[in-house]
Amino acid sequence: MKFDKNILCIGAGYVGGPTMAMIAHKCPQYKVTVVDINPERISQWNSDELPIYEPGLDEIVKAARGKNLFFGTDIEEGIRDAGIIFVSVNTPTKTFGAGAGMAADLQYWEKTARQILQCSDSPKIIIEKSTLPVKTALAMERILTSTHNGIHFDVLSNPEFLAEGTAISDLESPDRVLIGSRQTERGLKARDALVEIYANWVPEERIITANIWSSELSKLVANAFLAQRISSVNSISALCEITDADITEVAGAIGMDSRIGDKFLKASVGFGGSCFKKDILNLVYLCRHYGLHEVADYWESVVRLNDYQKERFVLRILTDMFNTLAGKRISIFGFAFKADTGDTRESPAIFIAKRLVEEKAELVITDPKALKNAKIDLDGLDGNISYVEDPYDAAVGCHAIAILTEWNLYRELDFEKIYRSMVKPAFIFDGRNIVDHKKLFEIGFNVFPIGKSALTHF
Ligand code: UDX
Ligand code: UDX
């Protein structure tokens, strides 16, 4: 079959996989190929068990796979065949050299750009899907034009705003699609080719265009603003706990101001995920690089507050359980960084589990989707840790439960049954404010929510 366009995506991760599946699903007239250097990941994409859990993803992948959606490892052939190449390889925080712990590690990006240059024998549109520091496109353009081989490359920025757990609905009905391009005749033509793809299902008023640097920067700034809201509400949660104010009431009251808005105001044990911390540190690094130290300090405080919130949660468990956790069994309810995903990257649960093990607590970890990743994250940790699928079994013989992920499943548990199976006095630390605190208190639990007064029997 002859397709209207051949689209390639390099990087079959949390972003590349679902995004390309949606393009293939919405545009049967295009051939979409996703390639990756990791053959195991590709074989999972080609199997019945996809490498990532995302509600609704299985259906659209299985419907399009083998028809107009293909997963493979032949990156070179993929490059040769495609006119449009999305690059969605990971850009982790650098762990070495200048900028270690702060700057983005661009080695995979640069390697990919060189590979595109090497394998291309026709003009291509290259699209930055990965989150990158502002001005990365310039470096890419320089690499792509370095051999003067006469082949023209246009570099566009098209950051992805999907959130895990809701990736499919975010992709199907995005608030906006942002496309940044050079403002030259060729740049604008390349931009229009990408607009045409999204216009297959996204209303045109939601497809916004910008200059390429604004587009790159907007992604970092969007994540920084979202994370800043969580750190803001979490900072106030600490104050609520000592003043008898209630963070849910405070957030509800301020969120009704339409200038503030009611989203992303849920106090929690801290934000996690692969993006927020990495992108803020990247922004901080850029600001320092340009000598904007006050701006850098401002954004860095968002990450510092998040670290404080996680540590505060651990110290609360320690002090409220009579200042010793040694030998006590604590069940961790939820290890994923948020509900509806098996992803544990930067999950607050990792930090909290490690700190509790340092205090010599025994951990029983339960999660409906993230146990496999939890085992990898805590591998080699010297402590007594077990992993249990069923939350009822996980609570048996425990002194405390710490809820770290807002899985709906935990709202609906029979806590009377759980209470009966636990050591008394039984404690529950609700790091997500998702269970009925009053009811649990009446059952007999000592209840410690985030940003609200504790309900205790002593
Ligand atoms: C993406 C973006 O790349 C990141 O910048 C953004 O901030 C979050 O979303 P994500 O899809 O979550 O990252 O990353 P990951 O799931 O790690 O997937 C990246 C994939 O690229 C991996 O499967 C990896 O094997 C692949 N890869 C990496 C390549 O194919 N080639 C490389 O050279 C490097
Ligand atoms: C985020 C951005 O939302 C998305 O636009 C971007 O493309 C990638 O980064 P993601 O990290 O997948 O998405 O999930 P998100 O829903 O933003 O949650 C991030 C973290 O914040 C989670 O740990 C979540 O539990 C926490 N959170 C979120 C809160 O603690 N309180 C809130 O009110 C909202």
query = Looking at the stretch 1-10, which of the residues that are in contact with a Phe, Trp or Tyr (Cβ under 8 Å, 6 or more places away or on another chain) and of a type outside the set (Phe, Trp, Tyr) is surrounded by the fewest Cβ atoms within 10 Å (Cβ to Cβ)?
reply = ASP4
inquiry  = Checking TYR290 against (1) over 13 Å from ILE450 (Cα atoms); (2) crowded, with 21+ Cβ neighbours inside 10 Å; (3) hydroxyl-bearing (Ser, Thr, Tyr), only one condition comes out false. Which one?
reply    = (2)
inquiry  = Can you tell me how many residues within the stretch 82-115 are near ligand 1 (Cβ under 10 Å from one of its atoms), crowded, with 17+ Cβ neighbours inside 10 Å and assigned to a helix (DSSP H, G or I)?
reply    = 3
Pairs where the first residue, in the stretch 258-274, is more than 16 Å from ASN234 (Cβ to Cβ) and the second is among the aromatic types (Phe, Trp, Tyr) and within 16 Å of ligand 1 (Cβ to nearest atom), C-beta under 9 Å, 6+ apart = SER274/TYR14; SER274/PHE337
message = Being of a type in the set (S, T, N, Q) and under 17 Å from the mean Cα position of the chain (by Cα) is the filter here; which residues of the stretch 167-183 pass it?
response = SER169
Out of ILE352, ILE332, ILE317, sole residue that is assigned by TED's automatic domain parsing to the domain that holds SER268 and in contact with a Ser or Thr (Cβ under 8 Å, 6 or more places away or on another chain) = ILE332
Given (1) more than 16 Å from ligand 2 (Cβ to nearest atom); (2) touching a residue at least 40 places away in the same chain (Cβ under 8 Å); (3) assigned to a helix (DSSP H, G or I), index of the condition GLN309 fails = (1)
ask   = How many of the residues in the stretch 1-10 are in contact (Cβ under 8 Å) with a residue 40 or more places away in the chain and either under 22 Å from SER169 (Cβ atoms) or away from ligand 1 (no atom under 13 Å from the Cβ) (or both)?
value = 5
query = Of all residues in the stretch 190-225, which are part of a helix (DSSP H, G or I), away from ligand 1 (no atom under 15 Å from the Cβ) and either in contact (Cβ under 8 Å) with a residue 24 or more places away in the chain or of a type outside the set (D, E, K, R) (or both)?
reply = ALA190, ARG191, ALA193, LEU194, VAL195, ILE197, TYR198, ARG206, ILE212, TRP213, SER214, PHE225
task = Could you run through the stretch 21-60 and say how many residues are part of a helix (DSSP H, G or I) and more than 14 Å from SER169 (Cα to Cα)?
result = 8
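Looking at the stretch 257-276, can you tell me whether even one residue there is touching a strand residue (DSSP E or B) at 6+ places or on another chain (Cβ under 8 Å), away from ligand 2 (no atom under 12 Å from the Cβ) and not charged (D, E, K, R)?
Among the residues of the stretch 257-276, not one is touching a strand residue (DSSP E or B) at 6+ places or on another chain (Cβ under 8 Å), away from ligand 2 (no atom under 12 Å from the Cβ) and not charged (D, E, K, R), which makes the answer no.
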query = From the list LEU156, LEU144, LEU132, which one is modelled with pLDDT under 95 and farther than 16 Å from ASN90 by Cα?
reply = LEU144
message = Looking for something within 9 Å of ligand 1 (Cβ to nearest atom), modelled with pLDDT of 95 or more and among the β-branched types (Val, Ile, Thr) - is there at least one such residue anywhere in the stretch 54-72?
response = no
Residue, farthest from ligand 2 (Cβ to nearest atom), within the stretch 29-48, restricted to residues that are within 13 Å of GLY66 (Cα to Cα) and surrounded by 16 or more Cβ atoms within 10 Å (Cβ to Cβ) = LYS31
inquiry  = Testing GLN183 on (1) assigned by TED's automatic domain parsing to the domain that holds VAL134; (2) within 16 Å of ligand 1 (Cβ to nearest atom); (3) not hydroxyl-bearing (Ser, Thr, Tyr), one condition comes back false. Which one is that?
reply    = (2)
request  = Take the stretch 141-167 and flag every residue that is buried (at least 23 other Cβ atoms within 10 Å of the Cβ) and in a helix (DSSP H, G or I).
outcome  = ALA167
message = Just to check your reading of the model, which residue among ASN158, ASN149 is more than 16 Å from ligand 2 (Cβ to nearest atom) and either in the same structural domain as TYR53 (by TED's automatic domain parsing) or on the phi < 0 side of the Ramachandran plot (or both)?
response = ASN149
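The values are calculated or read from the model by the stated rules, or taken from the named source; none is laboratory data. What you are looking at is a predicted structure, and each value in this text was computed from that prediction instead of being measured. A quick note on method: Cβ atoms are made from the backbone with ideal geometry, for glycine too, and the neighbour counts reach across all protein chains shown.
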